[in-house]
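Down below is the structure, laid out as structure tokens.
The values are calculated or read from the model by the stated rules, or taken from the named source; none is laboratory data. Quantities reported herein were computed from a predicted structural model and do not represent experimental measurements. Counting neighbours? That spans all protein chains shown, and the Cβs are built from the backbone with ideal geometry, glycine included.
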Amino acid sequence: MTTGAPTPTYPARPRRSRLRTFLPLGVAAWLVLEIWLLTVVAGATSGITVFLLLLAGFVLGSVVIKRAGRRAFQNLNEALQRGGTPSGSSSGGGNGLMMLGGLFLMIPGLVSDAVGLLLLIPPVQKALGRYAERTVDRKLREAAQGTLGDAFQHARMHRPDGKVVQGEVVRDEPGDAPEDPRPPLTR
């Protein structure tokens, strides 16, 4: 029996991106490959050799992360003393990729160690850095109105009457605050 009410139409679900579709499958395949390689190496040599390889990767990764973090902090400190921002083109340009390489070295496995060592090579860091910068620039240019990419370009305040006021966020410094407490807001 129908009541004459129209059947509700639901908006079409957005299509899942390829990354969200295949990422779990890729992670599972990577884990199976890591375990298989570790068992092959353990069968060819011994379990102690595999343990020493994993331990050496962990120690090397922690040293790399510590060194890259220290260098990034030093570059930031020097830039703040100069009164500017840290430049990515100076000697500290690949600190993020060095930290990522150290993280891959710390993850147990031979494939992740190979990827981590590859990320420590300066020409690879430069090529990946340029690729990432181009990709981010392209994604921000292609961002549709009202998306996260657009949020980086505009600050908006929605008023109760539905109007949108474009503006800029200005933060007061602690020294700029008035000496007296503000009076309470009344209608």
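Observations
- From 141, 67, residue being modelled with pLDDT of 90 or more and farther than 26 Å from residue 30 by Cβ: 67
- From the options 96, 129, residue that is closer than 16 Å to residue 62 by Cα, of a type outside the set (A, V, I, L, M, F, W, C), at pLDDT below 90 and part of a helix (DSSP H, G or I): 96
- Only one entry in 103, 110 is within 30 Å of residue 36 (Cα to Cα) and within 14 Å of the chain's Cα centre (by Cα), namely 103.
- Filter pass, residue 57 being crowded, with 16+ Cβ neighbours inside 10 Å, assigned to a helix (DSSP H, G or I) and small (Gly, Ala, Ser): yes
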